[in-house]
Amino acid sequence: MADIMDKIVSLCKRKGFIFPGSDIYGGLANTWDYGPFGVELKNNLKRAWWKSNVYQRDDMYGMDAGILMHPKVWEASGHVENFFDLKSDCKSCKKRFKLVDLKNAKKCPECGGELTESRKFNLMFKTEHGSVEDNASLVYLRPETAQGMFVNFQNILDSRHPKLPFGLAQIGKAFRNEITPGNFIFRTREFEQMEIEYFCRPEEAEKIYESWVEERFSWYLNLGIKKDNLRKRQHTKDELAHYAKACTDIEYNFPFGWNELEGIANRTDFDLKQHAEYSGKDLRYFDEVKKERFYPYIIEPSGGVDRALLAFLVDGYFEEMVKDDLRVVLKLHKDLSPTKVAVLPLLKNRAEIVELAKKIAKDLKKTFITVYDDSAAIGKLYRRQDEAGTLYCVTVDVQSLEDKKVTVRDRDTMLQERISIEKVKEYLFEKLNRDSSVLL
Ligand code: ATP
């Protein structure tokens, strides 16, 4: 099973999805750069999230807060005091372990060497803000996007006047100096989060929490994750963060085991109360009908962009035998596929065919993300597009010059249909737009 990961890492590099970071310098461990297909896939994923959580609802507001925030934010949030892992080092092989991963082992699990006493290790990256090198200029790279939404709660009330329940949504970078990064883009020190902070009356919180768990679970299924590979796991009481009343993880069956994709937590009124105390601002909500002032509860669905992207890659990766040939295909959902259409001339040395194919590609580019490729024989061109998850290949051949038709090949079924050039855009539009529409 684990070799699926090797295959995916290799495909990602070969095809231009994800490259090792700082590659020409020998790499910087556990950093990754998204290439031409990777950035499209990532943008599509974020767009699909934004669409269902912001555009398709009338109780949600988008945000994009700064990565650098006032250092007091992280005191109020509890990160300065509590956001650490306990780590222990092997005195012989120098490998570093999280205490939880050691499961009470007294010796190094790798080499049997002696382990150091466990020490606290804060996961926040520190840096300086401005040129003064004293404590006042110390800032952190945010370890989560959530706080940017809590500290803007009052601004949203004042500018948009929403009534409870309502939510804020944000996608952005977060940084954690993880002790044990790894498994490709699953756990890195720089990553992206997609987070929602949903504010509600305390008495409604439990129900709303349950509905968000269902909502978020369905989102992954609707984008094509196989049902058997997705599950919910409710946190036990002793796993819960001190402020949380309940938390459910959505887990994916990665090749390296079941792991968290997203967590949905009932954070109670902890965050707003903390920021009110540390900032000295009254962050209570005023209910004009009941004439009462109170701290709303917050339900937080918090997911990782990179982790979700890895799950979609793993879930969509297929190897199939087609007439004694191995076909590798990424069966990504149509909203996620980096390229929707490829236009391929059957014969690249026939000028009229090339010219016609280029003309068709130029026209399709106005509507769909389309590529033109004439750099190999047709069999190879198809294989290339399958590996990149391209949904439709439009092939222009000799006959196209006469009957003004092209062959459209479907990535998943490999069925081919002859469609008139005049109708090809409409045909693709119908196919790509049938049950959803994030593509234009
Ligand atoms: P884990 O237990 O795996 O460290 P967490 O419970 O600390 O994760 P949260 O603080 O709930 O994670 O963050 C919300 C989401 O952000 C996670 O579900 C995950 O998708 C993503 N995430 C967190 N840490 C990382 C990381 N180091 N690399 C990539 N994604 C991450």
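All of the numbers you see were taken from the coordinates with simple rules; none came from a lab. These numbers were taken from a predicted model, which means no experiment stands behind them. Note that each Cβ is placed from the backbone with ideal geometry, even for glycine, and that neighbours are counted across all protein chains shown.
Between Lys423 and Lys120, the contour length at 0.36 nm per residue exceeds the alpha carbon distance by 102.6 nm. Rounded to the nearest 10 degrees, the inclination of helix 378-388 to the longest alpha-carbon principal axis of the chain is 10 degrees. Of the trypsin sites (Lys or Arg not before Pro) found in segment 134-176, the ones in coil according to DSSP and having at most 16 other Cβ atoms within 10 Å of their Cβ are Lys163. In the chain, a dipole from Cβ-located charges (positive for Lys and Arg, negative for Asp and Glu) runs towards its positive end, and of Tyr285, Thr268, Thr407 it is Thr407 whose Cα lies farthest in that direction.
Ranking Phe184, Phe318 by Cβ neighbours within 10 Å, fewest first, what do you get? Please list the in-between numbers first.
Details: Phe184 23, Phe318 12.
Result, fewest neighbours first: Phe318, Phe184.
Taking the average, over residues, of other Cβ atoms within 10 Å as the packing measure, peptides 14-24, 408-418, 207-217 rank 207-217, 14-24, 408-418 from highest down.
What's the angle, to the nearest 10 degrees (0 to 90), between helix 305-316's Cα axis and the longest principal axis of the chain? On a 0 to 90 degree scale, this one is about 40.
Taking amide H as placed 1.01 Å from N in the peptide plane, Val343 has its amide H under 5 Å from the amide H of Val371, Tyr372, Asp373, Val394, each at least 5 places away in sequence or on another chain.
Using the beta-carbon distance between Asp58 and Arg327 and R0 = 41 Å, what value does 1/(1 + (r/R0)^6) give for FRET efficiency, to the nearest 0.05? Working from the Cβ atoms, E equals 0.40. Largest mean-square fluctuation among Asp306, Asp89, Asp59, in a Gaussian network model of the chain whose springs join Cα atoms under 10 Å apart, belongs to Asp89.
Which of the peptides 104-113, 396-405 is most tightly packed, and how do the rest follow, going by the mean number of other Cβ atoms within 10 Å of each residue? All intermediate terms of the calculation are to be shown ahead of the outcome.
Values: 104-113: 12.0, 396-405: 15.4.
Result, highest mean Cβ count within 10 Å first: 396-405, 104-113.
For the chain, a crude dipole built from +1 on the beta carbon of Lys and Arg and -1 on the beta carbon of Asp and Glu, taken about the Cα centre, is about 740 debye to the nearest 20.
Tally Lys and Arg at +1 and Asp and Glu at -1 over the other residues with C-beta under 15 Å from the C-beta of Gly304: what net charge comes out? Each step should come with its number before you reach the end.
Values: positive: Lys42, Lys46, Arg142, Lys173, Arg176, Arg187, Arg189, Arg216, Arg307; negative: Glu144, Glu178, Glu190, Glu192, Glu195, Asp249, Glu251, Glu260, Glu262, Glu300, Asp306.
Around Gly304, the charge tally is -2.
Taking other Cβ atoms within 10 Å as a rough exposure proxy, Trp32, Trp50 sort from fewest to most as Trp50, Trp32.
From the square roots a ≥ b ≥ c of the eigenvalues of the alpha-carbon gyration tensor of segment 187-302, which class results: rounded (a/c under 1.5), prolate (a/b over b/c), or oblate? Prolate is the answer for segment 187-302, as a/c is 1.5 or above and a/b outweighs b/c.
A Gaussian network model of the chain, with springs between Cα atoms under 10 Å, assigns the largest mean-square fluctuation among Val139, Val322, Val354 to Val322. Beta bridges from DSSP with both residues in the chain: antiparallel share about 85 percent, rounded to the nearest 5. Helices in the chain, meaning DSSP H runs of at least 4 residues, each add -39500 (n - 2.57). Divided by all residues, the mean residue ellipticity at 222 nm is -9000 deg cm²/dmol. Please work out whether segment 339-432 counts as rounded, prolate or oblate from its C-alpha gyration tensor, where a ≥ b ≥ c are the square roots of the eigenvalues and a/c under 1.5 means rounded, while otherwise a/b larger than b/c means prolate and anything else oblate? Since a/c stays below 1.5, the shape of segment 339-432 is classed as rounded.
Can you check what the net charge comes to around Ala376, using other residues whose Cβ is under 10 Å from the Cβ of Ala376 (Lys, Arg +1; Asp, Glu -1)? Charge balance near Ala376 sits at +2. Close amide H contacts of Trp32 (hydrogens built in the peptide plane, cut-off under 5 Å, sequence separation of 5 or more or a different chain): Gly21.
Among the trypsin sites (Lys or Arg not before Pro) within segment 353-397, which fall in a DSSP loop and have no more than 15 other Cβ atoms within 10 Å of their own Cβ? Don't skip to the end; give the middle numbers.
Working: sites: Lys358, Lys359, Lys362, Lys365, Lys366, Lys380, Arg383, Arg384; in loops: Lys366.
Here the sparse-neighbourhood loop sites are Lys366.
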